[in-house]
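Novice: Here it is: the structure, laid out below.
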Amino acid sequence: MQEFSAKIFNLTQKIKLPSRSGQSILSDLNDLKILVRDKASSKKIKDLAEKVKWAIIKTTGYEVAPLNWPDAANGQKLYTQNCVQCHGPKGGGNGTLANGLKPAPANFLNDSLMAGLSPFEAYNTVKLGVEGTAMQAFTELSDKEAWDLAFYVKSLRFQKQEIDSVSLKKIFNQQYGKTSLKDVATLSDNQLIKKLGSNIQGQKKLKALRFFSPSGELSQSSLTVARDYLHQAFSNYKNGNKDEARQKALAAYLEGIEPVEIRLKANDPKFTSQLEQKMMDVRQVIEQGKNSSEVEYKINSALSTIDRAEKMMKDEKLNYWLSFFLAASIMLREGLEAFLIIALILALIRRTPKAKKALPYIHRGWITAILMGVAGWFLSDWIIGISGQNREIMEGMISLVAVIVLAFVGFWLHNYSHSKKWKEFIEKKVGAQLKGEKMIGLAFFSFMVVFREAFESILFLQAIGLETQSGDQSSIGFGVLAAFALIGLLAFLFLKYSKKIPVRQLFRYSSWVITLLAVILIGKGIHAIQEAGWLSVTGLPVSPKIDWLGVYPTLESLISQLVLLGILMMLYYLSNYRNKIQIN
């Protein structure tokens, strides 16, 4: 210990620290040497060492906390790759290589040991190692990876306890944003519990903060960064460090608000201006040297506005029953159309002498199409899954492509809703193939009829899925199952009472559902592209916003919906007019 304290003193002398703070730090380090030499109480040594540590951190500007919440899943992966052999799978210090190591690997399940250790100290151990032990420095890990691992190690002792994950997650979500990431990173459990309260609720808060990390949009949102910087700004201002407080307040805007400004403007341009003003107010009161209570008031006002911004960015998705209705309607339309076309093809072929030869080709065609449709669904899931940071663009593009196809399909359906015209269309296509004995052509026609429906189903269902809450995704599956059940019933009725099936009414109903979905998706598609910054945002005097209908308070999204609606209405009118002329 004497050698260590002397070494620290000598190293600090070699570093060119600012004269005033440097002299103070050297004086404290000299006192620390004396305390160690005289074997003073451990409390005195610890308190002075802690004081020196924070003085060095403040003087050098060394970052003591991660910018974003660490990734618990990645921390677990890194622990498995790098730590299990010595520390064991659960952190008990009983890994396969632990025997014979002196000193023995640390036991991360030891409550008294781990309660006095902060994630920041664990981070330093990961990055620097421990001299004279088997604990090497993991220099190959990035800062982010080291923080992920440090936070995971701190969670291990809580994993052995009985955990009510649902209630604990609620506590974490309530505490998230109230306790700064800097405090969670730099304070030991013993220190953090003093801030949270030493009662049972305080213990639960501690466990939640150590055990959980934000997921989904919370972990990705740079608004977390804005909150943390504002907390740091007030802490610095209270401690008399005005320049540092001003820098943190500026960073809160530049690194926390500005990255999501485009998304916020796409949701509500007026609110975005208010948020910018709140952030400016914080910087102004700091620069003007106002009293701490006024600075705190402005910061709290900015924080509450950030909370509103976060809620706004969590778009209201399609609700469960609307997703169910749309998925069932789309699947019913696609499946019924495929069935009716195949049924008509089979009926036409059975009346010809070439039926025995042609039927196997027809069946191979539609069965292959269904199998390729299933494969296409999984492929589309994979493509969307790897879209990552371009998810808004992916959502927007899928929605807009779906709109184009929907508009065409809806018009086609409406145009062929007259059963006679629809039947003539199929007879013409099949007759041409039979006449030339083109069996491969029949198989291809059968394949294309069903695969087109499968492809459209995948496109439309993925578009609906992207706009449905993660907890309501089952509505799409149940909607598809309900549609299959109804198709089965209608198929039975069709085969038994084919003349009584209201094909025209079914197609008409489907075309109106498709119109509704197209209007919703074009609004959401334009909105997603605006969020990605690919399209300008023009606010409106009023702020109409109905997320689940794809209505947003921007000129671009509303005009796109009105133009599409106008085009579809015009096409339907022309189709009706043409059909009336043909009938007359």
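Novice: If you check every pair at least six apart or on different chains, which have Cβ atoms under 7 Å apart with a residue in region 282-305 that is not assigned by TED's automatic domain parsing to the domain that holds GLU244 and hydroxyl-bearing (Ser, Thr, Tyr) first and a residue that is buried (at least 18 other Cβ atoms within 10 Å of the Cβ) and not in a helix (DSSP H, G or I) second?
Specialist: Between residues of region 282-305 that are not assigned by TED's automatic domain parsing to the domain that holds GLU244 and hydroxyl-bearing (Ser, Thr, Tyr) and residues that are buried (at least 18 other Cβ atoms within 10 Å of the Cβ) and not in a helix (DSSP H, G or I), there is no close pair.
Novice: Filtering region 136-164 down to residues that are outside any helix (DSSP H, G or I) and in contact (Cβ under 8 Å) with a residue 40 or more places away in the chain, which residue is surrounded by the fewest Cβ atoms within 10 Å (Cβ to Cβ)?
Specialist: If we take residues in region 136-164 being outside any helix (DSSP H, G or I) and in contact (Cβ under 8 Å) with a residue 40 or more places away in the chain, then GLN161 is surrounded by the fewest Cβ atoms within 10 Å (Cβ to Cβ).
A quick yes/no check of all residues on (1) farther than 30 Å from TYR253 by Cβ; (2) free of Cβ contacts under 8 Å to residues at least 24 places away in the same chain; (3) under 30 Å from the mean Cα position of the chain (by Cα):
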position: SER42; (1), (2), (3): yes, yes, no
position: LYS58; (1), (2), (3): no, no, no
position: THR80; (1), (2), (3): yes, yes, yes
position: LYS90; (1), (2), (3): yes, no, yes
position: ASN94; (1), (2), (3): yes, yes, no
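Novice: Only one of (1) among the aliphatic types (A, V, I, L, M); (2) surrounded by 15 or more Cβ atoms within 10 Å (Cβ to Cβ); (3) modelled with pLDDT of 75 or more fails for LEU318. Which number is that?
Specialist: (3)
Novice: Those residues that are buried (at least 18 other Cβ atoms within 10 Å of the Cβ) and either in contact with a helix residue (DSSP H, G or I) (Cβ under 9 Å, 6 or more places away or on another chain) or of a type in the set (Asp, Glu) (or both), I need them from region 73-91; list them, please.
Specialist: GLY75, LEU78, TYR79, CYS83, HIS87, GLY91
Novice: Also, quick follow-up: All but one of (1) closer than 30 Å to SER235 by Cβ; (2) charged (D, E, K, R); (3) modelled with pLDDT of 85 or more hold for LYS16; state the number of the condition that does not hold.
Specialist: Here LYS16 meets the rest and fails (3).
Novice: Still on this structure, please answer the following. Would you please name the residue that is surrounded by the fewest Cβ atoms within 10 Å (Cβ to Cβ), looking only at residues in region 23-45 that are in a helix (DSSP H, G or I) and among the hydroxyl-bearing types (Ser, Thr, Tyr)?
Specialist: By that ranking, first place goes to SER42.
Novice: In addition: Quick one: GLY132 ticks every box in (1) within 35 Å of the chain's Cα centre (by Cα); (2) without any contact (Cβ under 8 Å) to a residue 40 or more places away in the chain except a single one, so which number is it?
Specialist: Going through (1) within 35 Å of the chain's Cα centre (by Cα); (2) without any contact (Cβ under 8 Å) to a residue 40 or more places away in the chain one by one, GLY132 breaks only (1).
Novice: I would also like to ask the following. Answer yes or no as to whether GLU337 is of a type in the set (D, E, K, R), assigned to a helix (DSSP H, G or I) and closer than 30 Å to ASP472 by Cα.
Specialist: yes
Novice: Go through (1) of a type outside the set (Phe, Trp, Tyr); (2) out of contact with any Ser or Thr (no Cβ under 8 Å at 6 or more places or on another chain); (3) within 19 Å of LEU192 (Cβ to Cβ) for PRO105 and report which single condition fails.
Specialist: Going through the list (1) of a type outside the set (Phe, Trp, Tyr); (2) out of contact with any Ser or Thr (no Cβ under 8 Å at 6 or more places or on another chain); (3) within 19 Å of LEU192 (Cβ to Cβ), PRO105 breaks only (3).
Novice: Let me ask something additional. Going by the conditions given, is ALA454 among the small types (Gly, Ala, Ser), touching a Leu at 6+ places or on another chain (Cβ under 8 Å), modelled with pLDDT of 75 or more and buried (at least 21 other Cβ atoms within 10 Å of the Cβ)?
Specialist: Answer is no for this residue.
Novice: Filter region 291-312 for residues that are under 16 Å from SER273 (Cβ atoms), surrounded by fewer than 17 Cβ atoms within 10 Å (Cβ to Cβ) and modelled with pLDDT under 90 and give the result.
Specialist: Within region 291-312, ARG308 is the sole residue that qualifies.
Novice: Moving on. Can you tell me which residue in region 169-188 is surrounded by the fewest Cβ atoms within 10 Å (Cβ to Cβ), limited to those that are of a type in the set (Gly, Ala, Ser) and part of a loop (DSSP other than H, G, I, E, B)?
Specialist: SER188
Novice: List every residue pair whose Cβ atoms sit under 7 Å apart, with the two residues 6 or more apart in sequence or on different chains, where the first one lies in region 247-259 and is charged (D, E, K, R) and the second, anywhere, is not in a helix (DSSP H, G or I).
Specialist: Qualifying pairs under 7 Å: GLU255/SER222.
Novice: Looking at region 224-295, what helices (runs of 4 or more DSSP H) fall wholly within it and have at least 3 residues that are under 18 Å from ASP307 (Cβ atoms)?
Specialist: Fully inside region 224-295 and qualifying: 261-267, 269-287.
The values are calculated or read from the model by the stated rules, or taken from the named source; none is laboratory data. All values reported here derive from a predicted model rather than from experimental measurement. No Cβ is skipped: glycine too gets one built from the backbone with ideal geometry, and neighbour counts run over all protein chains shown.
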